[in-house]
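This report concerns only the one structure given below.
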Amino acid sequence: MHNKTLAEIIAGLNSGAFSSVEITSHLLNRIRQLDPQYNSFITVTAEAALASAEAADRQRASGNAPLFCGVPIAHKDIFCTNGVRTSCGSKMLNNFVPPYDATVVENFARAGAVILGKTNMDEFAMGSSNETSYYGPVKNPWNIHCVPGGSSGGSAAALAARLTPGATATDTGGSIRQPAALCGVTGLKPTYGRVSRWGMIAFASSLDQAGPMARTAEDCALMLNAMASFDPKDSTSIDREVPDYTADLNQPLSGLKIGIPKEYFGEGLNPGTEQAVREALTEYEKQGATLVEISLPHSHLAVPAYYVIAPAEASANLSRFDGVRYGYRCEDPKDLRDLYMRTRGEGFGDEVKRRILVGAYCLSAGYYDAYYRKAQQVRRLIKQDFVDAFATVDVIMGPTSPSPAFAFGAKGDDPVAMYLEDVYTIATNLAGLPGMSLPCGLVDNKPVGLQIIGDYFDEGLMLNAAHQFQRATNWHQRTPEGLE
Amino acid sequence: MTIERADIEKLAELARIELNDATITETTRSIADVLALVDQLQAANTEGVTPMAHPTDAIQRLRPDVVTETNQREAFQAIAPAVEGGLYLVPKVID
Amino acid sequence: MQWETVIGLEVHVQLATQSKIFSGASTAFGAEPNTQACAIDLAMPGTLPVPNEQAFRDAIMFGLAIDADIARTSMFERKNYFYPDLPKAYQTTQLEKPIVGRGHVDIELADGSKKSIRIHHAHLEEDAGKSLHEGSFEIHGHGMTGIDLNRAGTPLIEIVSEPDMRNAEEAVAFARKLHSIVTSLGICDGNMSQGSMRFDVNISVRPKGSDTLGTRTETKNLNSFKFMEDAIALEVERQIDLIEDGGKVIQETRLYNGDTKQARAMRSKEEANDYRYFPCPDLLPIVFDDDYIEQIRQSLPELPDARRDRFIEQYGLSRYDANSLSGDAAIAQFFQTAAAGSDAKLAANWIMGELSARLNAEDRDIQDSPVSAEQLAGMIARLKDGTISSKMAKQVFDAMWNGEGDADGIIEARGLKQVSDSGAIEALVDDVIANSPQQVDNYRNADDAKRPKMLGYFVGQIMKASKGQANPQQVNDVLLEKLNALL
């Protein structure tokens, strides 16, 4: 049962093959048994899930079933869930129980979904390995000595271990796509503004986007149907009709022009990864697509620009965590300054502190022009690269990450080495474009991800391209040993 | 751009984050590494390029002037670390 | 050494919108602590701002009223600093592209001279919450301060002047004019004691004739014209004394205490605070087209200067009176209502005189006057038509102030009608002449020049006999006639 996709679960529930209570209990048991090995969940909401499943079964019986009625999923612990602890992977919010729901959570509730729990993540979404969580690292189900990727490592690992058929996640510099690649699952970061950020704890406001993770492109399309909406509570939410993302999944790919950025196949790319990606591209050619070499000449500036802009925005977004209105508060502060210094010194982990300080530096008097302003100029150049490319191609493809999952501690005390994990994904966030990753191979029994980048609001086309690949191949069905 | 311990201490004060002595050296080093990374931006030719604060070209929607929120003090203060008489408590502030 | 004072003002005006600038929580004054602070105002994780259209309309109205440029595209920045009344630890404000650009405010001084004070710009921003230091909150023996975030998120317009003022009179005239403009526009309730308008005064001194600016200090959060006047005087004196004693003025932020009449430097705030302004990524550029702005211009209410000119023309008031009555929108409205029901000149006198004195004595605004404009009009009408004398009018006014009802009712109840019946007056005069033979003789024998003074005795007696209700003018006429007939 745990191998079923969301599409299969919806069909099974509709046909009466099984009930929501059955599948929910099954998954909860599995989580209980297996998750101690992977640590992919921070909070499991077993009681609420079963109650919800029961209600869903009754609702379905009365003939009134919305799309996800009784379907179990998990939420990344960055989405506020009313009455349920929302930690953002941090000690700072270890005791934070919000009295409100994120719009993404509301959307799935309205669609009838059953929530299994909140998945583990890098603290405040800052990381590419899920090693910075206050709740301990997440292990990659393909190889427990390796990282699952981050920041949505919990969602990715839970999917790979078949503990949940679908999970929400967020992507600021690659945090959906890179863990999807490292865990052999499918994940999509929509166009900036497609999914509401209300109730999604902010890291870098102009880069953050929420998106679906599942084991197939079709499942991601189903999830995106539920997740996407115009939200008047989010000023950056785009007022644009949400199409049915499953409608065009089966369009044939003949004539599809695929841009291959030469900058994404240069130094630093693992040879095994490159080979798997190139083989995947051959499959696309077989289906009638044309590969076109393109250039994104400012690619090398993406990581530096990101590591100015994201920390700068984060430094302001995280200033609210001060022990006054919610969250962690240091013990017995003797004056106001002490309250702030110790609450934040004790509540934040090292990576978060580092990024806040870098951000403050880049915005500070005397450095603003050289760093922040400069980075925003480079950002426009990077966006222009994509605009130029999409004038000649329909989608862009390449590797999601430079190599498969690496060992814990491998990036050691070298933050920059960790940052380079996102070298192929970051530009997409800077430009606000949609991007996704789907499994396309294995290297040393560790998954490799193919990245698809689309033009603004072209999620339908991207999912179509991914789905057609998944009909012809079975990388997305591979399962880590023992977890079938 | 070389960054030194004194700079880190000033930033930590600005960001209200206490760094303990043991880790300050480490933090200084790792931040210097990050700044070396971002210094790569300086080589870019950005003359005449307008900075891009938002990835979208959209403009701001304005909201009608209507009261939509009700009093939820109880719910919000149930999760507060220190409240009394409906007020949030902080160590005495002297102006 | 002759010194010149240079003054600039930064004025925070609280907009009278229903809801906050970035959230739908209420802005009503006086609510229980934290009952009007929603998730956005509390800076809860994941919350986002959405700007209030009315706040922009109000700002645009202000800009048009001061002849300023209105930005077709404006944006918000984050100003970062830590303080418990600032929940996000940044204030959302406008820096590079404020909604209102350069404009001017014209003031008139007591000697009749006029001056135009340049406005550098005006921008929208959010207000902070309040810290309550009184009270005995304590945790583990440490004194605590209580934070109320009801006010956090209230829309403010910050108006920044150029340093064009040269003395306290100009500064106060400017402040009053601003008060008059924003209340006339209806964008602010003008209630200074509730903090609807707060002034920060930047003061520096320099030798007369110099054109370089001295080091300035900022005195913050003054919320009355009187305090501003006093604070300016105090600071100018302090600076001049300091320099003349060989010292240097340090740039600092100061607080003035209106009760103790003393000022001091603020301790905590800006030890060279680096605000790290950057564009707020949660808010997009705000764009207005020419049509939108034109439509607002067409709907602007009457502004103070236009109203003053109209009062002069329509009601025949002197410039001084017109200035007094046209400045405050509430007073202007009161005057117009009172004048419509009676006589403009009399209404003007009563409002600027008796009513004003009473309101000041009881520290009331005209909105809280126990005597309404209609009631005042009613009394003035009776004064004008001779039903009551001006002495009686004072009694009627007192009675109305004490809640005894309308003029007609009071006149009736207390029998205050003037006696104007000629027969009755004649009878009174005859009586007093008959009863005062000695005084009549004195009058007859007196010099012409001395006679007018001697009438006072007879008038006094008549007033006593008539309990003050005899029509004084008639009494005088009849008395003179009869006395002169006896000469």
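The values are calculated or read from the model by the stated rules, or taken from the named source; none is laboratory data. Since the model is a prediction, treat every value here as computed from it, not as a measurement. Neighbour counts are summed over all protein chains in view; Cβ atoms, including those assigned to glycine, are modelled from backbone coordinates with ideal geometry.
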> Hey, does region B:9-32 have a residue that's within 7 Å of another protein chain (Cβ to nearest Cβ) and touching a strand residue (DSSP E or B) at 6+ places or on another chain (Cβ under 7 Å)?
Replying inline: no
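Yes/no matrix, rows are residues, columns are (1) at pLDDT 95 or above; (2) under 17 Å from the mean Cα position of the chain (by Cα); (3) within 14 Å of chain B (Cβ to nearest Cβ):
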{"residue": "A:SER40", "(1), (2), (3)": "yes, yes, no"}
{"residue": "A:ALA65", "(1), (2), (3)": "no, no, no"}
{"residue": "A:PHE68", "(1), (2), (3)": "yes, no, no"}
{"residue": "A:VAL84", "(1), (2), (3)": "yes, no, yes"}
{"residue": "A:VAL105", "(1), (2), (3)": "yes, yes, no"}
{"residue": "A:PHE108", "(1), (2), (3)": "yes, yes, no"}
{"residue": "A:GLY112", "(1), (2), (3)": "yes, no, no"}
{"residue": "A:LEU116", "(1), (2), (3)": "yes, no, no"}
> Which residue, of C:LYS208, C:LYS261, is farther than 18 Å from C:GLY8 by Cβ, exposed (fewer than 13 other Cβ atoms within 10 Å of the Cβ) and in contact with a Phe, Trp or Tyr (Cβ under 8 Å, 6 or more places away or on another chain)?
Replying inline: C:LYS208
> Can you tell which of A:TYR367, A:TYR371 is more than 16 Å from B:PRO81 (Cβ to Cβ), of a type in the set (Ser, Thr, Tyr) and more than 31 Å from the chain's Cα centre (by Cα)?
Replying inline: A:TYR367
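Given the residues A:ARG355, A:ARG342, A:ARG325, which is the only one that is more than 8 Å from chain B (Cβ to nearest Cβ) and not aromatic (Phe, Trp, Tyr)?
Every option except A:ARG355 fails the conditions.
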> Wholly within region A:15-124, which strands (runs of 3 or more DSSP E) include no fewer than the required count, namely at least 1 residues that are at positive phi and small (Gly, Ala, Ser)?
Replying inline: A:114-119
> Within region C:93-120, which residues are of a type outside the set (A, V, I, L, M, F, W, C), in contact with a Lys or Arg (Cβ under 9 Å, 6 or more places away or on another chain) and farther than 24 Å from C:ASN167 by Cβ?
Replying inline: C:THR93
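Condition test on C:ILE410, is it within 29 Å of C:ALA339 (Cβ to Cβ), in contact with a Leu (Cβ under 9 Å, 6 or more places away or on another chain) and not in a helix (DSSP H, G or I)?
No, not satisfied.
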> Would region B:40-47 turn up any residue that is more than 7 Å from chain A (Cβ to nearest Cβ), buried (at least 16 other Cβ atoms within 10 Å of the Cβ) and either out of contact with any Asp or Glu (no Cβ under 8 Å at 6 or more places or on another chain) or modelled with pLDDT of 90 or more (or both)?
Replying inline: no
> Somewhere in region A:332-347, is a residue within 30 Å of A:TRP475 (Cβ to Cβ), outside any helix (DSSP H, G or I) and modelled with pLDDT under 95?
Replying inline: no
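Tell me yes or no: at least one residue of region A:305-312 is assigned to a loop (DSSP other than H, G, I, E, B) and either over 28 Å from A:ASN474 (Cα atoms) or more than 14 Å from every other protein chain (Cβ to nearest Cβ) (or both).
Checking region A:305-312: not a single residue is assigned to a loop (DSSP other than H, G, I, E, B) and either over 28 Å from A:ASN474 (Cα atoms) or more than 14 Å from every other protein chain (Cβ to nearest Cβ) (or both).
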> Does C:GLU77 satisfy being in contact with a strand residue (DSSP E or B) (Cβ under 6 Å, 6 or more places away or on another chain) and within 14 Å of chain A (Cβ to nearest Cβ)?
Replying inline: yes
>> Whether any residue in region A:147-167 is within 14 Å of chain B (Cβ to nearest Cβ), under 21 Å from A:PRO415 (Cα atoms), in a helix (DSSP H, G or I) and not basic (Lys, Arg) is what I want to check.
In response: no
> Out of all the residues in region A:407-415, is one or more away from chain B (no Cβ under 14 Å) and buried (at least 21 other Cβ atoms within 10 Å of the Cβ)?
Replying inline: no
>> For region C:35-57, give me the residue count where each residue is at the interface with chain B (Cβ under 10 Å from one of its Cβ atoms) and closer than 28 Å to A:GLU313 by Cβ.
In response: 14
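Each row is one residue, and each column tells you yes or no for (1) touching a Leu at 6+ places or on another chain (Cβ under 8 Å); (2) facing chain B (nearest Cβ under 8 Å); (3) closer than 22 Å to C:MET192 by Cβ.
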| site | (1), (2), (3) |
| --- | --- |
| C:GLY30 | no, no, yes |
| C:ALA59 | yes, no, yes |
| C:LEU64 | yes, no, no |
| C:PRO84 | yes, yes, no |
| C:PRO87 | yes, no, no |
| C:GLU108 | no, no, yes |
>> Looking for something of a type in the set (Lys, Arg), within 27 Å of the chain's Cα centre (by Cα) and surrounded by 13 or more Cβ atoms within 10 Å (Cβ to Cβ) - is there at least one such residue anywhere in region C:192-203?
In response: yes
>> Can you find a residue that is touching a residue at least 12 places away in the same chain (Cβ under 8 Å) and of a type in the set (A, V, I, L, M) anywhere in region A:329-336?
In response: no
>> With the structure loaded, tell me whether A:GLN477 is over 26 Å from A:ALA125 (Cβ atoms) and at pLDDT 95 or above or whether it fails that test.
In response: yes
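Between C:GLN2, C:GLN14, C:GLN36, which is of a type outside the set (A, V, I, L, M), buried (at least 24 other Cβ atoms within 10 Å of the Cβ) and within 30 Å of C:ALA231 (Cα to Cα)? Quick ask: steps written out before the conclusion?
Values: C:GLN2 fails: buried (at least 24 other Cβ atoms within 10 Å of the Cβ); C:GLN36 fails: within 30 Å of C:ALA231 (Cα to Cα).
Matching residue, one of C:GLN2, C:GLN14, C:GLN36: C:GLN14.
Looking only at region A:171-202, which residues are within 11 Å of chain C (Cβ to nearest Cβ) and either farther than 24 Å from A:GLU241 by Cβ or not basic (Lys, Arg) (or both)?
Matches in region A:171-202: A:TYR192, A:GLY193, A:SER196, A:TRP198, A:GLY199, A:MET200, A:ILE201, A:ALA202.
Quick check on region A:33-64: of everything there that is of a type in the set (Asp, Glu) and touching a residue at least 12 places away in the same chain (Cβ under 8 Å), which residue is surrounded by the most Cβ atoms within 10 Å (Cβ to Cβ)? Steps first, please.
Step one: of region A:33-64, the residues of a type in the set (Asp, Glu) are A:35, A:47, A:54, A:57.
From what is left, the residues that are touching a residue at least 12 places away in the same chain (Cβ under 8 Å) are A:35, A:54, A:57.
Working: A:ASP35: 21, A:GLU54: 16, A:ASP57: 18.
Here the residue is A:ASP35.
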>> Looking at region C:402-446 only, could you name the residues that are more than 53 Å from the chain's Cα centre (by Cα) and surrounded by 14 or more Cβ atoms within 10 Å (Cβ to Cβ)?
In response: C:ILE433, C:SER436, C:GLN439, C:VAL440, C:ASN442, C:TYR443
> Does B:THR70 satisfy the condition of being loosely packed, with under 14 Cβ neighbours inside 10 Å and more than 7 Å from chain A (Cβ to nearest Cβ)?
Replying inline: yes
>> Out of A:SER299, A:SER229, A:SER315, A:SER295, I need the residue that is among the small types (Gly, Ala, Ser) and within 10 Å of another protein chain (Cβ to nearest Cβ). Which one?
In response: A:SER315
>> Of everything in region B:73-95, what is in contact with a Phe, Trp or Tyr (Cβ under 9 Å, 6 or more places away or on another chain), under 17 Å from C:PRO33 (Cα atoms), of a type in the set (A, V, I, L, M, F, W, C) and at the interface with chain C (Cβ under 7 Å from one of its Cβ atoms)? Give them in sequence order.
In response: B:PHE76, B:ALA82, B:LEU87, B:LEU89
> Given the structure, is A:VAL378 assigned to a helix (DSSP H, G or I), surrounded by fewer than 17 Cβ atoms within 10 Å (Cβ to Cβ) and modelled with pLDDT of 95 or more?
Replying inline: no
> Looking at A:ALA74, A:ALA167, which one is surrounded by 22 or more Cβ atoms within 10 Å (Cβ to Cβ), closer than 22 Å to A:HIS26 by Cα and touching a His at 6+ places or on another chain (Cβ under 8 Å)?
Replying inline: A:ALA167
